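Asks: Pasting in a structure now, in C-alpha coordinates, and then I'll have a few things to ask.
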Amino acid sequence: MFLTSMAYAMGQPPAGAEGGNQLMSFLPLVLMFVVFYFLLIRPQQKKQKEMREMLKNLKRGDKVITGGGIEGRIDAVTDEKVKVEIAPGVVITVLRAYVAGLADAAQAKKPEKTDEKKADKPEEKK
(Lines give C-alpha, C1' and ligand atoms only; values in the text may rest on other atoms or scores of the structure.)
Protein backbone atom coordinates (compact mmCIF):
# COMPACT_ATOMS: atom_id res chain seq x y z
CA MET A 1 0.00 0.00 0.00
CA PHE A 2 2.82 2.41 0.86
CA LEU A 3 4.64 1.57 -2.40
CA THR A 4 1.60 2.40 -4.54
CA SER A 5 1.22 5.88 -3.05
CA MET A 6 4.97 6.44 -3.55
CA ALA A 7 4.61 5.47 -7.22
CA TYR A 8 1.81 8.00 -7.68
CA ALA A 9 3.92 10.71 -6.02
CA MET A 10 6.79 10.07 -8.44
CA GLY A 11 4.60 9.97 -11.54
CA GLN A 12 3.66 12.73 -13.98
CA PRO A 13 1.01 15.22 -12.87
CA PRO A 14 -2.40 15.01 -14.52
CA ALA A 15 -2.80 16.65 -17.92
CA GLY A 16 -3.67 20.35 -17.79
CA ALA A 17 -2.34 20.84 -14.26
CA GLU A 18 0.88 22.55 -15.43
CA GLY A 19 -0.29 24.57 -18.45
CA GLY A 20 1.10 27.94 -17.38
CA ASN A 21 4.08 26.50 -15.53
CA GLN A 22 5.70 25.21 -18.74
CA LEU A 23 5.98 28.73 -20.09
CA MET A 24 7.47 29.93 -16.83
CA SER A 25 10.11 27.19 -16.96
CA PHE A 26 11.38 28.46 -20.34
CA LEU A 27 11.36 32.13 -19.28
CA PRO A 28 14.79 32.04 -17.55
CA LEU A 29 16.35 30.47 -20.66
CA VAL A 30 14.84 33.14 -22.90
CA LEU A 31 16.03 35.90 -20.56
CA MET A 32 19.55 34.43 -20.50
CA PHE A 33 19.66 34.35 -24.30
CA VAL A 34 18.53 37.99 -24.50
CA VAL A 35 21.22 39.07 -22.02
CA PHE A 36 23.90 37.10 -23.88
CA TYR A 37 22.78 38.61 -27.17
CA PHE A 38 23.05 42.20 -25.98
CA LEU A 39 26.21 41.74 -23.90
CA LEU A 40 28.23 39.35 -26.07
CA ILE A 41 26.89 38.58 -29.52
CA ARG A 42 25.78 42.02 -30.73
CA PRO A 43 28.99 43.90 -29.76
CA GLN A 44 31.12 41.19 -31.38
CA GLN A 45 29.14 41.44 -34.63
CA LYS A 46 29.54 45.22 -34.59
CA LYS A 47 33.30 44.90 -34.07
CA GLN A 48 33.58 42.40 -36.94
CA LYS A 49 31.64 44.74 -39.24
CA GLU A 50 33.98 47.64 -38.39
CA MET A 51 37.01 45.40 -39.06
CA ARG A 52 35.64 44.34 -42.48
CA GLU A 53 35.04 48.00 -43.39
CA MET A 54 38.56 48.96 -42.30
CA LEU A 55 40.11 46.15 -44.37
CA LYS A 56 37.97 47.11 -47.37
CA ASN A 57 39.00 50.77 -47.15
CA LEU A 58 42.78 50.26 -46.91
CA LYS A 59 44.66 52.59 -49.24
CA ARG A 60 48.22 53.51 -50.13
CA GLY A 61 49.92 55.57 -47.46
CA ASP A 62 47.97 54.23 -44.45
CA LYS A 63 50.01 53.20 -41.42
CA VAL A 64 49.03 49.68 -40.36
CA ILE A 65 49.93 47.06 -37.78
CA THR A 66 49.95 43.42 -38.89
CA GLY A 67 48.80 40.43 -36.86
CA GLY A 68 52.44 39.67 -36.08
CA GLY A 69 53.01 43.14 -34.66
CA ILE A 70 54.89 44.62 -37.61
CA GLU A 71 54.16 48.29 -38.17
CA GLY A 72 54.58 49.95 -41.54
CA ARG A 73 53.10 52.07 -44.29
CA ILE A 74 51.07 50.57 -47.15
CA ASP A 75 52.96 50.77 -50.43
CA ALA A 76 50.49 48.94 -52.70
CA VAL A 77 47.06 47.33 -52.34
CA THR A 78 45.56 44.43 -54.33
CA ASP A 79 42.38 42.43 -53.78
CA GLU A 80 43.89 39.91 -51.37
CA LYS A 81 47.35 41.26 -50.51
CA VAL A 82 48.90 44.43 -49.19
CA LYS A 83 52.54 45.48 -49.66
CA VAL A 84 53.81 47.13 -46.50
CA GLU A 85 57.01 49.15 -46.28
CA ILE A 86 58.46 48.46 -42.84
CA ALA A 87 61.75 50.31 -43.33
CA PRO A 88 63.22 52.42 -46.15
CA GLY A 89 63.56 50.04 -49.09
CA VAL A 90 62.14 47.01 -47.20
CA VAL A 91 58.73 45.93 -48.49
CA ILE A 92 56.84 42.85 -47.31
CA THR A 93 53.66 41.32 -48.69
CA VAL A 94 50.88 40.63 -46.18
CA LEU A 95 47.41 39.17 -46.71
CA ARG A 96 44.65 41.68 -46.01
CA ALA A 97 43.19 39.37 -43.37
CA TYR A 98 46.40 39.67 -41.33
CA VAL A 99 46.23 43.44 -41.02
CA ALA A 100 45.27 43.92 -37.36
CA GLY A 101 44.42 47.59 -37.59
CA LEU A 102 45.50 51.10 -38.41
CA ALA A 103 48.55 52.30 -36.49
CA ASP A 104 47.14 55.81 -36.15
CA ALA A 105 43.97 54.47 -34.54
CA ALA A 106 45.98 52.32 -32.11
CA GLN A 107 48.06 55.30 -31.02
CA ALA A 108 44.96 57.46 -30.64
CA LYS A 109 43.42 54.93 -28.21
CA LYS A 110 46.42 55.11 -25.83
CA PRO A 111 45.74 57.48 -22.95
CA GLU A 112 48.13 60.37 -22.67
CA LYS A 113 50.34 60.41 -19.63
CA THR A 114 49.56 63.31 -17.35
CA ASP A 115 51.41 64.45 -14.32
CA GLU A 116 48.77 63.55 -11.74
CA LYS A 117 51.05 64.19 -8.77
CA LYS A 118 51.26 67.88 -9.57
CA ALA A 119 47.52 68.13 -10.11
CA ASP A 120 46.71 66.43 -6.80
CA LYS A 121 49.00 68.57 -4.61
CA PRO A 122 47.73 72.00 -3.68
CA GLU A 123 50.11 74.84 -4.25
CA GLU A 124 52.08 75.89 -1.20
CA LYS A 125 52.11 79.53 -0.18
CA LYS A 126 55.30 81.06 1.16
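The values are calculated or read from the model by the stated rules, or taken from the named source; none is laboratory data. All of these numbers come straight from a predicted model, not from anything done at the bench. Reconstructed Cβ throughout: ideal geometry from the backbone, glycine too, with neighbour counts over all protein chains shown. SASA here: full protein model, heavy atoms, side chains in, ligands and nucleic acids out. Shrake-Rupley method; radii C 1.70, N 1.55, O 1.52, S 1.80 Å.
Asks: Mind listing the phi-derived Karplus ³J(HN,Hα) values for the stretch 67-83, rounded to whole Hz, using 6.51, -1.76 and 1.60 with θ = phi - 60°, and x for any glycine or proline?
Replies: Once rounded to whole Hz, the list reads x, x, x, 7, 10, x, 10, 5, 9, 8, 10, 10, 4, 10, 10, 10, 9.
Asks: Shifting gears a bit: Taking each pair of distinct Cα atoms in the stretch 29-100 once, what is the resulting Kirkwood hydrodynamic radius in Å?
Replies: 13.8
Asks: Residue by residue through the stretch 97-104, what is 3J(HN,Hα) from phi via Karplus (6.51 cos²θ - 1.76 cosθ + 1.60, θ = phi - 60°)? Round to whole Hz and write x for glycine and proline.
Replies: In residue order, the calculated couplings are 5, 9, 7, 7, x, 7, 5, 5 Hz.
Asks: Let me ask something else about it. Which FRET efficiency value, to the nearest 0.05, do you get for Ile86 and Met24 by plugging their Cβ-Cβ distance into 1/(1 + (r/R0)^6) with R0 = 35 Å?
Replies: 0.05
Asks: A follow-up question, please. Give the peptides 23-33, 88-98 in descending order of average Cβ contacts within 10 Å, highest first.
Replies: 88-98, 23-33
Asks: For Ala100, list long-range residues whose amide hydrogen, built 1.01 Å from N in the peptide plane, is under 5 Å from its own amide hydrogen.
Replies: Answer set, sorted by chain and number: Ile65, Thr66, Gly67.
Asks: Residue by residue, what Karplus-based ³J(HN,Hα) values in Hz, rounded to whole numbers, does the stretch 31-36 have, using 6.51, -1.76 and 1.60 with θ = phi - 60° and x for Gly and Pro?
Replies: Calculated HN-Hα couplings, in order: 5, 5, 4, 4, 5, 4 Hz.
Asks: Counting heavy atoms of the protein chains only and a 1.4 Å probe, report the per residue accessible area for the stretch 31-93 as a whole number of Å².
Replies: In whole numbers, the stretch 31-93 has 79 Å² accessible per residue.
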